[in-house]
Amino acid sequence: MKFELSFTNKEITPWGGMVFLKQMLDKIGFRGQIKNCEALPSSQSNNSYKKEVLLESFITSIWCGANRFLHTEITRGDKALGKIFDWERVPAQDAYKRYFGKFTQSINQQVGHHFFRWFFQNLQLNYFTLDIDSTVITRYGEQEGAKKGYNPMKKGRNSHHPIIAFVNDVKMVANFWLRSGNTSSANNFVGFLEETLSVFGDKKVGLVRLDSGFFSKEIMDYLEEKQLKYIVAAKFTHPIQHLIDKQDFWFQVDDGIEICDKHYQANSWQKPRRIVIVRQKISIRPKATGRTLSLFPEDEIHRNYRYSAYITNNEYAATDVWRNYRQRGDAENRIKELKADFGADSFNLKEFYPTEAALLFSMIAYNLMSIFRLFVLQEKAQKTLSTLRYRTFAIGAYFEKVGDTFKLKIALTKKRRKWFVGIWDYPIDLSMKVSTA
């Protein structure tokens, strides 16, 4: 087929499906939350962008695929998308950089508390599991706080080492702190947890799950003082390896999986704590997670197994402790999605707290998308943003004026229209008063 090029003045957007996210933001009152957050910087200049336009457009650019400030230009030239969201002008990348440049540590903490509290105070969820994890973000420039530390993927490179709290029940972020690359996983854990708990108000954390980076006396003492149930993966210290070596009775859970339940007291502890130990036979389960016992490399029995161990104050059966902890792996999936789809490892500025501010709104973009997936799409298997982007949001559309009414004309095949109308008509009764049961 031969054809010629021609042009149109129609304002066409490739992101017509974003209208559903705009509708959701309106129904949950997101713009009002931005306006009501007194800690957010704002400008008195008539030529400056309103803070709600800056933050809505930044979040929308992430949903459209931006994972660097340069990529936020994706929304700037899209006049139809600006009309969908009611932005008179769409900011350029430098406007976001200047805006986040106004943020300080105090502002970040107040803003984070405001939005995370809004999310969780309005969810009809009163008892949940909290997973806290850390991750490494490799940096290649001269960013403030980028230091050499533990970096398994890029050894010797400077990095940041943020700590993130997740509520697994609703796949949402409950808190985020950026930290220097040379900090340990457990650095300032108590302060971070206290701030996270303040987000929930009188709602109950039924269980805290932590990996071995948080295995410390101080953390377990604090959790017990707060009367919080926990499961913490144990570090394979020499005393714990000797404890495993002496164990002569194992209860079989499944083919190649055995478990035991004991009490263990480290020299620095004031009391013994419950330890659940799991071993998996490598010949039967070659992909089993866990560690070999480094103290006994020549032992024929130990060489055949991978071991894992968990300290807990929970009264679950030993098998339930292990199975419950395994669900914590979902936090690692959340971190992968945050990096791959929400720019959590690539939005950065030279200054530390402006970088933290940009990443904080990356987390807010993630939470809003979680609300959309949970309460609007209501699908059993939650699709990643990259999948939704091309299945639900990347749809050509343009505005047409019919009488006194503007209509958004969406280019969609007939067989898909019924499903989209269903999304449009769905009554999101949020103050987010939606049950997650």
The stretch 168-185: number of residues that are surrounded by fewer than 19 Cβ atoms within 10 Å (Cβ to Cβ) and part of a strand (DSSP E or B): 1
Whichever residue in the stretch 186-199 is surrounded by 21 or more Cβ atoms within 10 Å (Cβ to Cβ) and touching a helix residue (DSSP H, G or I) at 6+ places or on another chain (Cβ under 7 Å) and, among such residues, is nearest to I107 (Cα to Cα): V199
Members of the stretch 49-65 that are in a helix (DSSP H, G or I) and either under 14 Å from G77 (Cβ atoms) or in contact with a helix residue (DSSP H, G or I) (Cβ under 7 Å, 6 or more places away or on another chain) (or both): K51, E52, L54, L55, E56, S57, F58, I59, T60, S61, I62, W63
Answer residue from the stretch 335-349, given it is surrounded by 22 or more Cβ atoms within 10 Å (Cβ to Cβ) and not in a loop (DSSP other than H, G, I, E, B) and is nearest to the chain's Cα centre (by Cα) among those: L338
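Select, from L40, L55, L70, the only residue that is in contact with a Lys or Arg (Cβ under 7 Å, 6 or more places away or on another chain) and assigned by TED's automatic domain parsing to the domain that holds L388.
L40
What number of residues within the stretch 133-158 are small (G, A, S) and at pLDDT 90 or above? Break it down into steps so the answer makes sense when it comes.
Initially, the stretch 133-158 is screened for residues small (G, A, S), giving 134, 141, 145-146, 149, 156.
Subsequent filtering for residues that are at pLDDT 90 or above retains 134.
Of the residues in that region, 1 qualify.
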Only one of R285, R373 that is part of a helix (DSSP H, G or I) and in contact (Cβ under 8 Å) with a residue 12 or more places away in the chain: R373
Condition broken by S268, with the remaining ones in (1) part of a loop (DSSP other than H, G, I, E, B); (2) free of Cβ contacts under 8 Å to residues at least 24 places away in the same chain satisfied: (2)
Residue under evaluation Y366, criteria (1) in contact with a helix residue (DSSP H, G or I) (Cβ under 6 Å, 6 or more places away or on another chain); (2) at pLDDT below 95; (3) surrounded by 14 or more Cβ atoms within 10 Å (Cβ to Cβ); (4) farther than 20 Å from G145 by Cα, criterion not met: (2)
First in the stretch 389-401 and of a type in the set (S, T, N, Q), second anywhere and at pLDDT below 90 and in a loop (DSSP other than H, G, I, E, B), Cβ under 9 Å, 6 or more apart: T392/K383
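The values are calculated or read from the model by the stated rules, or taken from the named source; none is laboratory data. Keep in mind it's a predicted model, so treat the numbers as computed, not measured. Heads up, the Cβs are rebuilt from the backbone with ideal geometry, glycines too, and the neighbour counts pull from every protein chain shown.
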